[in-house]
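Peer 1: Take a look at the following structure, please.
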Protein chains: 2
Amino acid sequence: MVIIKLTKRQEEIIELVKKNQPITSEKLAEKLSVTRAALRPDLAILTMTGILEARPKVGYLYSKRGGNSIIYDYIKEVKVAEIKTKPAVVTEDTTVYDAIVQLFLEDAGTIFVTNNGHLTGAVSRKDFLKIALGNTDIHKVPVGIIMTRMPNIVTVTDNDTAYEAAKKIIEHEVDSLPVIEKTVTEDGKDILKITGKVSKTNITKLFVKLGSGN
Amino acid sequence: MVIIKLTKRQEEIIELVKKNQPITSEKLAEKLSVTRAALRPDLAILTMTGILEARPKVGYLYSKRGGNSIIYDYIKEVKVAEIKTKPAVVTEDTTVYDAIVQLFLEDAGTIFVTNNGHLTGAVSRKDFLKIALGNTDIHKVPVGIIMTRMPNIVTVTDNDTAYEAAKKIIEHEVDSLPVIEKTVTEDGKDILKITGKVSKTNITKLFVKLGSGN
């Protein structure tokens with residue numbers, strides 16, 4: 001997958017096709033005062049990208065899909081495994097207060113909660129703020145009581161794409177997704193191990209990385 | 001700017017050039033059992049994208065920059081004006097409690113604070129959480145007392161790119177940037193009007209939009 005900038009002549013060709021379609025390569029060459037052979041690479045690029053459509057015995061047509069429909073395949077190549085970072089994790093019996101302290105210590109947006117190594121819940125800054133304003137005794141109540149509990153947590157795996165993760169974040173209006181790995185215990189129980197998190201911060205960082213060309 | 005997927009033959013050409021560089025188009029045609037003319041569009045694309053370099057009388061060389069150095073010009077074309085959304089704004093004399101209520105009502109991550117229409121500060125969920133845990137009487141203390149005050153707030157303008165905004169968000173470790181417009185009052189004072197915000201959510205949404213090809 002590569003990205004190219006169209007040349008001035010290619011842009012001119014597109015304009016000519018838009019105005020005169022269908023138009024043959026002979027006509028295009030004439031209008032641009034070049035040989036047909038000279039146009040061949042440009043026309044190849046414009047048809048490959050789907051900007052123009054070449055119809056045998058008819059000529060070139062401007063394609064409405066414009067070549068941008070394949071545009072962000074690249075974004076879809078980046079995997080969750082490449083952008084996930086260390087999650088802030090506490091156990092269910094941690095007090096709400098201690099969980100908040102952990103949140104600040106790790107500068108996290110969301111705290112994930114486990115029980116015997118199994119992901120059981122999550123609490124966001126917003127949840128904590130609500131609790132802090134209410135009548136809950138945050139020094140006594142364990143985080144397990146106030147957390148959003150599985151299966152009401154949206155998750156991703158290493159093999160999902162960053163794009164899928166971003167989509168889930170937006171659709172479910174959450175700040176962060178746990179990256180999970182399903183394993184089965186000896187007695188046949190599913191265990192959801194948390195191996196990382198993907199947050200809006202991770203996506204924003206990826207965006208910056210892509211934009212800086214790295 | 002368009003993005004194309006390389007064809008299998010183009011990938012083959014790249015591999016051949018990598019192994020045999022410098023290599024002439026005659027040699028390439030021979031190895032691929034096609035005519036030189038048939039290769040011309042492929043070679044045009046590969047040199048245009050900067051993947052191959054054509055040296056007269058020498059042949060084709062593989063270019064280390066790989067064609068990806070121009071890859072995210074596109075990301076840099078999107079402007080803040082296109083992705084900004086409505087900010088949650090309160091005035092300096094609003095109590096902390098009411099500001100938090102506003103935060104919840106608008107489901108915002110950051111509250112921006114103004115005084116006579118002039119942007120003077122910002123408070124994040126994290127700041128509010130800290131305050132809520134402390135001894136501050138949030139029903140009495142105005143938000144103007146606890147906010148981060150200008151000029152300690154990072155801002156952007158409509159004409160900045162989404163990329164620049166994302167970079168500022170990451171570098172300054174903030175969730176949201178106010179989009180400002182500088183105007184001058186009749187008596188010559190600068191007024192910073194807030195016209196929107198760009199948050200990690202806006203960047204994540206843009207990422208999803210790019211990935212979905214819209």
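Peer 1: From the label point of B:Asp137, set 7 Å along Cα to the beta carbon, how far off in nm is each other copy's matching point, shortest first?
Peer 2: 2.5
Peer 1: Summing -39500 (n - 2.57) over the DSSP H runs of n ≥ 4 in the protein assembly as shown and dividing by its residue number, what mean residue ellipticity at 222 nm do you reach, to the nearest 500 deg cm²/dmol?
Peer 2: -11000 deg cm²/dmol
Peer 1: Given a 1.4 angstrom probe, what's the average accessible area per residue across chain A, in square angstrom?
Peer 2: Roughly 50 Å² per residue, with all protein chains present.
Peer 1: Under 5 Å between amide H atoms, partner at least 5 residues away or on a different chain: which partners does B:Glu92 have, H built in plane at 1.01 Å?
Peer 2: Residues meeting the amide H criterion: B:Thr114.
Peer 1: State the answer as a single residue: which of B:Val89, B:Phe207, B:Thr24 lies farthest towards the positive end of the charge dipole of the protein assembly as shown, with beta carbon charges of +1 for Lys and Arg and -1 for Asp and Glu, about the Cα centre.
Peer 2: Going by the Cα projections, it comes out as B:Thr24.
Peer 1: Moving to a separate point now. What is the distance in Å between the Cα centroid of the stretch A:151-214 and that of the stretch A:31-58?
Peer 2: Measuring centre to centre over Cα atoms gives 44 Å.
Peer 1: Next question, about the same structure. Between A:Glu26, A:Glu164, A:Glu173, where does the largest GNM mean-square fluctuation fall for chain A, given springs only between Cα atoms within less than 10 Å?
Peer 2: Comparing A:Glu26, A:Glu164, A:Glu173 in the GNM, the peak value goes to A:Glu26.
Peer 1: Classify the stretch A:129-214: rounded, prolate or oblate, from the alpha-carbon gyration tensor (a ≥ b ≥ c, eigenvalue square roots; a/c under 1.5 rounded; otherwise prolate if a/b is larger than b/c)?
Peer 2: Taking the square roots of the gyration eigenvalues as a ≥ b ≥ c, the stretch A:129-214 is oblate.
Peer 1: Next up: Of B:Thr24, B:Thr114, B:Thr204, which has the largest mean-square fluctuation in a 10 Å C-alpha GNM of chain B?
Peer 2: B:Thr24
Peer 1: Between A and B, buried accessible area summed over both sides at probe 1.4 Å, in Å² to the nearest 100?
Peer 2: Using a 1.4 Å probe, the pair buries roughly 5700 Å².
Peer 1: Measuring from a point 7 Å out along Cα→Cβ, what nm distances, shortest first, does B:Lys76 have to its partners in the other copies?
Peer 2: 2.7
Peer 1: Then there's this: Given the C-alpha atoms of chain B, compute the convex hull and give its volume per residue in Å³.
Peer 2: Considering the Cα atoms of chain B, their hull volume per residue is 174 Å³.
The values are calculated or read from the model by the stated rules, or taken from the named source; none is laboratory data. Owing to the predicted nature of the structure, the values given are computational and were not obtained by experimental measurement. We place every Cβ from the backbone using ideal geometry, glycine too, and count neighbours over all the protein chains shown. SASA here: full protein model, heavy atoms, side chains in, ligands and nucleic acids out. Shrake-Rupley method; radii C 1.70, N 1.55, O 1.52, S 1.80 Å.
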